[in-house]
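Everything below concerns the one structure shown next.
Nothing in this text is a laboratory measurement; each read-out follows from the coordinates by a stated rule. Quick caveat: nothing in here was measured; it's all calculated off a predicted structure. Virtual Cβ from ideal backbone geometry, glycine too; neighbours counted across all protein chains shown.
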Amino acid sequence: MVLIEARDLEKTYWDDGVVTPALRGVSFDIKKGEFVAIMGPSGSGKSTLLHLLGFLDRPTSGLYRFDGRAIDEHSDHDLAEVRNRKMGFVFQTFNLLPRATTLENVKLPLLYSGIPEKKWNHMAEEAIEAVGLTHRLHHESSQLSGGERQRVAIARALVLTPEIIFADEPTGNLDSKSGQAVMSILEKLNRTRGHTIVLITHETYTAEQAERILHLMDGELVKDEKVKARRTSDHFIK
Amino acid sequence: MVFRRALGTSWKGLNTHRTRSALTILGIVIGVTAIILIVSLGEGAQALILGEVQSIGAKTIAVVPGREPKGPSDFLSTFTDSLKQKDIDALSRTTNAPHISRIMPIVFGSQSASYGGETYRPTIYGATPLFADIYNIAPVEGRIFNDDEVRGYADVVIIGNKVAEELFGNEEALGKRIRIKEKSFRVIGVLGAAGQSLFLNFDTAAIVPYTTAQQYIFGIKYFHRIVVEADTEANVPATIEDVKATLRASHGIDNPEKDDFFLETQADAMETVGTITNVLTLFLAAVAAISLVVGGVGIMNIMLVSVTERTREIGLRKAVGAKDTDIMLQFLLEAVILTVLGGLAGIMLGAFFSFLISLVLGRTLAVNWEFVFPFGAAALGIAVAAVVGLVFGLYPARVASKKSPIEALRYE
């Protein structure tokens, strides 16, 4: 079943009269449950694409349908709701709230979900358990290592059990060991829970842990390949 | 429910930047402190003055010559000679004013008095022995003059504490003769230190029989006041009407518009005092309120900085599902929480300072200055602070809510 349907997606930025085309007509589908990596050098438009796919921005032209509905059919208010309920985000720079504990950070999406508050702790604790950080429940983010912070961010993305998780260079700020731990969590979430995962990276090694790689270059899709020999990193998970 | 959650979020936001939050609200704190202080002191002053007005006695009615002043141009008309002995005689007749228990004419003016080489300019009051009773004063040394001395134009004087000090220094004043205008008076009484009272300062007074004062000091045949006392407080309104009717008959006036006298009662005086102090308090509080606006601008400024600094946080919140209205509410509430906290702090500080001042005034001026906590002003202060937060928080909150999530996430 198709979750993401992109047709001739274009995005152009105007900045002080300077026109910068970031995406020049990109078309592809992503099915539910897929683990897709988007690869490309910096400036290739991969972050722009992720912003469009994640409903954080609107395309200049082209069609983008998520879960059967085109982005044009949604108001900004609806987009926020879809992001909240069906999408999870993991960023390179973690973006945790300062001076907030693991639990508080993971509860953040719940704040905007309309779910009764009495269920929050349970939901957040489950998500935290899934990333193996139960022992860090009440630690502030400043007390955590980089790898742990990214796992908090993943738990935050997970807490509302979204259809899809967008991860923008999730290992970019981590050493290789923590990076591997993060990747194996994503891989496990995809395999055991069926979360669709869209991963942005410029490292071939990381991208090859996905099932499929979309190669971007200068705002165009230059290659869409199945990964033949998928790297796994199960031995990093306890 | 949604609101309570937003409140929690805003509170955490403020808590994360505690020092900045505290500094931000300083303007509001100072503004509300000033307002509370002014209103509290104003109410204290009012209570003090009203207390003094009450000490004159609720049964007392003062007849004042001239037309009641309605504006500055009427002021001169108060100096008229319309009150004369025949008015006293008319008022004394029980058929005219059955509820009058006591009547006392007063003349007054400033004259220089001398003893030996010393000169002082006391306020001369010409009165009757009732004076001591009505104004609740008693000599610490000597006595009050009696009715015979009033009838006989006696050259006796009771001097205030300050007058005695100025003229006699450490010397014994009682029995000595002082000169007022061209006449020599024997000191028969000295008043104790009474302190400054609102209307009359007996420390600087020299009190003589009104007959003597009229004849030898002022050279007049009329009175500056006739003080009338009703037998009971309940009979004051009736007595006012009786006095008016009697004096109109005595002066041959048939149109009340043309009255050449008017009456002052404690109630009038209280009303006047109340009006004056209220206007003053209001004016000063309005000036203080300006500082609240300045404080509000300060809050807007800091909130804008804060919004820029927290761009990333705003972006994250939007990415995980916060709507524009959620962000708006969060920052607006932060502003309101700040200003309301500032208001609360201001109320406490203002009340504290006001209390201190009441203690100091009570000690130094020896007046009975009561600390008044201005509940009305406190409620108003909180309300105004909240409104300031709303108004000046609106723009920064809007700026925050309009940030695009990707701009916000990219912001370093």
Self-check item: Difference of contour (0.36 nm per residue) and Cα-Cα distance, B:V387 to B:S114
Solution: 91.9 nm
Quiz prompt | Förster radius 51 Å - calculated FRET efficiency between B:A245 and B:E141 (Cβ-Cβ, nearest 0.05) | solution = 0.70
Practice problem: Could you please rank A:V19, B:V388, B:V297, B:V156, placing first whichever residue has the fewest other Cβ atoms within 10 Å of its Cβ? | Solution: A:V19, B:V297, B:V156, B:V388
Practice problem: For A:M217, list long-range residues whose amide hydrogen, built 1.01 Å from N in the peptide plane, is under 5 Å from its own amide hydrogen. | Solution: A:V222
Quiz item: Going by average Cβ neighbours within 10 Å, how do the peptides B:286-295, B:305-314, B:125-134, A:145-154 rank, with the highest at the top?
Solution: A:145-154, B:125-134, B:305-314, B:286-295
Practice problem: Can you tell me the dipole magnitude for the stretch B:81-259 around its Cα centre, using point charges on the Cβ only (Lys, Arg +1; Asp, Glu -1), in Debye to the nearest 20? | Solution: 520
Quiz item: Fewest to most neighbouring Cβ within 10 Å: what's the order for B:W369, A:W14, A:W120?
Solution: A:W14, A:W120, B:W369
Quiz prompt | Angle between chain A longest axis and helix A:102-111 axis [Cα atoms, degrees, rounded to 10] | solution = 50
Quiz item: Under the definition of partner shielding as Cβ atoms of other protein chains within 10 Å of a residue Cβ, what is the mean value for peptide B:321-327?
Solution: 6
Exercise. Read phi for every residue in the stretch B:29-38 and hand back ³J(HN,Hα) as whole Hz from Karplus 6.51 cos²θ - 1.76 cosθ + 1.60, θ = phi - 60°, with x for Gly and Pro.
Key: 4, 5, x, 5, 4, 4, 5, 4, 4, 5
Quiz item: Can you work out the FRET efficiency for the pair A:K31 and A:H74, with r the C-beta to C-beta distance and R0 = 30 Å, to the nearest 0.05?
Solution: 0.90
Exercise. Could you work out the equivalent-ellipsoid semi-axes for chain B, taking the square root of 5 times each eigenvalue of the Cα gyration tensor, largest first, in whole Å?
Key: 66, 25, 16
Quiz item: Can you give the mean number of other chain Cβ atoms that lie within 10 Å of the Cβ atoms in peptide A:76-82?
Solution: 4
Quiz item: Helix B:324-364: angle to the longest alpha-carbon principal axis of chain B, degrees 0 to 90, nearest 10?
Solution: 30
Quiz item: Against the longest principal axis of chain B, how steep is helix B:236-251, in degrees 0 to 90 to the nearest 10, with axes from Cα atoms?
Solution: 50
Exercise. At 7 Å along the Cα-to-beta-carbon direction for both A:N173 and B:E68, put a label point, then send me their distance in nm to one decimal.
Key: 7.9
Self-check item: Taking B:T277, B:T33 and counting other C-beta atoms within 10 Å, the order from fewest to most
Solution: B:T277, B:T33
Exercise. Give the percent of DSSP beta bridges with both residues in chain A that are antiparallel, rounded to the nearest 5.
Key: 60
Self-check item: Antiparallel %, DSSP beta bridges [both residues in the protein assembly as shown], to 5
Solution: 70
Quiz item: Under the rule of -39500 (n - 2.57) per DSSP H run of 4 or more residues, summed and divided by the residues of chain A, what mean residue ellipticity at 222 nm is obtained, to the nearest 500 deg cm²/dmol?
Solution: -8500 deg cm²/dmol
Practice problem: Evaluate E = 1/(1 + (r/R0)^6) for A:V2 and A:I115, where r is the Cβ-Cβ distance and R0 equals 25 Å; express this FRET efficiency to the nearest 0.05. | Solution: 0.35
Quiz item: In the stretch A:86-238, how does Rg compare with the Kirkwood Rh, expressed as the Rg/Rh ratio over alpha carbon atoms?
Solution: 0.98
Practice problem: With a 10 Å radius around each residue's Cβ, average the other Cβ atoms per peptide and rank B:221-234, A:91-104, highest first. | Solution: A:91-104, B:221-234
Self-check item: DSSP bridge orientation in the stretch B:81-259 - percent antiparallel, rounded to nearest 5
Solution: 75
Practice problem: Go ahead and estimate [θ] at 222 nm for chain B from helices alone: -39,500 (n - 2.57) per DSSP H run with n ≥ 4, summed, over the residue count, rounded to 500. | Solution: -18000 deg cm²/dmol
Exercise. For chain A, with a Gaussian network of springs between Cα atoms less than 10 Å apart, report the residue from A:V18, A:V227, A:V131 with the top mean-square fluctuation.
Key: A:V18
Quiz item: Label points 7 Å out from Cα along the Cβ direction at B:T19 and B:D268: separation in nm?
Solution: 6.4
Quiz item: At what distance in angstrom do the alpha carbon centres of the stretch B:80-153 and the stretch B:167-194 lie from each other?
Solution: 17
Quiz item: Looking at the square roots a ≥ b ≥ c of the eigenvalues of the Cα gyration tensor of the protein assembly as shown, which shape do they give, rounded for a/c under 1.5, prolate if a/b is larger than b/c, or oblate?
Solution: prolate
Quiz item: When each pair of different Cα atoms in the stretch B:1-159 is counted once in the 1/r mean, what is the Kirkwood radius in angstroms, to one decimal?
Solution: 22.5
Quiz item: Taking Cα atoms of the stretch B:81-259, Rg/Rh with Kirkwood Rh, to two decimals?
Solution: 1.02
Quiz item: What spacing in nm lies between the two simple spin-label points modelled at B:R179 and B:T94, each 7 Å away from Cα in the Cβ direction?
Solution: 4.9
